[in-house]
Amino acid sequence: MSIEIKKVGVIGSGQMGNGIAHVAALAGFDVALYDISPDRLKSAMATINGNLTRQVSKKLITEDAHKKALGRIEAKEAIEDLADCDLVIETAVEKEEVKRKIFHDLCAVLKPEAIIGSDTSSISITRLAASTDRPERFIGIHFMNPVPVMELVELVRGIATDDATFDAVRAFATRMGKQIAVSEDFPAFIVNRILLPMINEAIYTLYEGVGNVEAIDAAMKLGAHHPMGPLELADFIGLDTCLQIMQVLHDGLSDSKYRPCPLLVKYVEAGWLGRKTQRGFYDYRGEKPVPTR
C-alpha cells in the first residue's frame, strides 16, 4: 500500500523546524508549522522569509518560487490544527519525556493513517515509536543544520516501521532534493555517532592543554580541510546539545570512550552554550569571536 504525502505538519518552530518548513514548502508541500509560542512562530516566519530572500538573491530560486513557498506555510498555535496532515515531523528539544508528551497529544488528534516522524539526533526511534498508537507508521527523519543548505537526511527505521512508511518518507525527502543515508536504530545514528565523539575529543585536547582553542580549530581546518574547527562547530550546534548527545551515547552503549569531557559539562553548567548565548569556546559579544580559553 503506497502512502501519498501532500500536507506536512512541523512541531516546533526553532532552527530545525523553520528549516524543515522552508524546504518542504519550496518542494510544493502544504505546511502547518506549529508552536506553543506565538512569538517563536512570528520569528520563525520572518526567518523563513529571510532565508528564501537570500536564496533569490543568490539566484538559487525565483521570486515566484519564494512567494509560492511562503504562501504554503501556515503558522498554527493549536495541535488540533495538525489533524489533517499526512506526515507530522517533531523537532522539539532533545529530551525524551518532552517528545513523548508531544506524541501523546498529537496521536489524540491525528488521522489514523498519518505518519509521524521525529527529527531526534540521537534518541531511540523504536522507543519513541512504542509510546505512540502507530509504531509501524513512525520513523526517524534526521535533518542536518542548517536544513536549507545541508544535503543529507538520515532515515532511521524503528523495529516496527513498515515498508510503506519508509517508502513514503524516502519519496518525501527525495522530492525536497535531499540525499538519503539509511541508519540502523542505534544511539546517535551515523553522523552524530562519528561527529560528536570527535568534538568531545577536541574538548579533551583543550582540557588537557594539548592546544588552545585557536590551535585546535586551525589544526582541523588546515590539516583535515574541515570547513569549521570542532570547537567552533560545537558552539554552532550548542554545547548543551553536544552534551546531551554524548550522554545518549554513553548511556546507550556503556563504553567509556563516550564519556563527556568534564570541561564540556563545566561550560554547560555555566550557561555558556555557544553562539545562542553569546559565549562558548568563543565569546561572540564583540565585533569578532574571541577564544574563551
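Read-outs: derived from the displayed coordinates by stated rules, not from any lab. Quantities reported herein were computed from a predicted structural model and do not represent experimental measurements. Heads up, the Cβs are rebuilt from the backbone with ideal geometry, glycines too, and the neighbour counts pull from every protein chain shown.
Can you list residues whose amide H is under 5 Å from LEU110's amide H, if they're 5+ apart or on another chain and H is modeled 1.01 Å from N?
Residues meeting the criterion, in which the H sits 1.01 Å from N, do not exist here.
Over every pair of different alpha-carbon atoms in the range 141-293, take the mean of 1/r and invert it; report that Kirkwood radius in Å. Please list the in-between numbers first.
Working: mean 1/r = 0.0594 Å⁻¹.
That comes to 16.8 Å for the range 141-293.
Cα to Cα, under 27 Å, and not fewer than 8 places away if on the same chain: which lysines meet these conditions relative to LYS221?
LYS58, LYS178, LYS257, LYS266, LYS276, LYS288
Hey, can you grab everything whose amide H is under 5 Å from the amide H of LYS76? Only 5+ residues off in sequence or another chain; H modelled, so Pro and N-termini drop out.
Residues meeting the amide H criterion: LEU33, TYR34, ASP35.
In degrees, nearest 10, range 0 to 90: what is the angle between the Cα axis of helix 239-253 and the longest Cα principal axis of the chain?
Rounded to the nearest ten degrees, it is 80.
Over the range 1-87, calculate the relative contact order: mean separation of alpha carbon pairs under 8 Å at least 6 apart, over the residue count, as a percent.
Across the range 1-87, relative contact order equals 40 percent.
Given the range 69-178, what whole percent of its Cα pairs are spread farther than 22 Å?
Summing the P(r) tail past 22 Å for the range 69-178 gives 29 percent.
With θ set to phi - 60°, apply the Karplus curve 6.51 cos²θ - 1.76 cosθ + 1.60 along the range 211-221 and write out the HN-Hα couplings as whole Hz, x wherever there is a Gly or Pro.
Once rounded to whole Hz, the list reads x, 8, 3, 5, 5, 5, 5, 5, 4, 7, 6.
Where does the charge balance sit around PRO230 when Lys and Arg score +1, Asp and Glu -1, over other residues with C-beta under 11 Å from its C-beta?
For residues surrounding PRO230, the net value is -3.
Residue separation times 0.36 nm, minus the C-alpha to C-alpha distance between LEU60 and ASP81: what's the value?
Roughly 4.4 nm would be gained on extension.
Taking θ = phi - 60°, what integer Hz values does the Karplus form 6.51 cos²θ - 1.76 cosθ + 1.60 yield along the range 53-60, in sequence order, with x for Gly and Pro?
Whole-Hz 3J(HN,Hα) from phi for the range 53-60: 4, 4, 5, 5, 5, 8, 6, 7.
Restricting to the chain, compute how many DSSP beta bridges are antiparallel as a %, nearest 5.
25
Quick one: net charge around ALA168, please, counting Lys, Arg +1 and Asp, Glu -1 for every other residue with C-beta under 14 Å from its C-beta.
On the way: positive: LYS6, LYS7, ARG134, ARG137, ARG157, ARG170, ARG175; negative: GLU4, ASP86, GLU113, GLU136, ASP162, ASP163, ASP167.
Surrounding charge for ALA168 is 0.
By the scheme Lys and Arg +1, Asp and Glu -1, what is the net charge of all other residues having a beta-carbon under 11 Å from that of ASP240?
Within the 11 Å Cβ shell, the charges total 0.
Counting other Cβ atoms within 10 Å of each Cβ, which trypsin sites (Lys or Arg not before Pro) in the range 1-94 have at most 10 and sit in a DSSP loop?
Listed in order of number, the matching sites are LYS58, LYS59.
Can you figure out the FRET efficiency of ALA181 with SER43, using R₀ = 22 Å and their beta-carbon distance, to the nearest 0.05?
0.10
Once the piece of chain linking LEU222 and LYS101 is laid out straight, how much longer is it, given 0.36 nm per residue of separation minus the C-alpha distance between them? Please list the in-between numbers first.
Values: separation 121, 0.36 × 121 = 43.56 nm, distance 4.46 nm.
Separation in residues times 0.36 nm, less the Cα-Cα distance, equals 39.1 nm.
Work out from phi, with θ = phi - 60° and the Karplus expression 6.51 cos²θ - 1.76 cosθ + 1.60, the ³J(HN,Hα) of each residue of the range 108-114, listed in order in whole Hz, and give x for Gly and Pro.
5, 10, 7, 4, x, 8, 5
Relative to the compact globular guide of 2.2 N^0.38 Å, what is the alpha carbon radius of gyration of the chain, as a ratio?
1.02
Given +1 on the Cβ of Lys and Arg, -1 on the Cβ of Asp and Glu, and no further charges, what dipole in debye does the chain carry about its Cα centre, rounded to the nearest 20?
720
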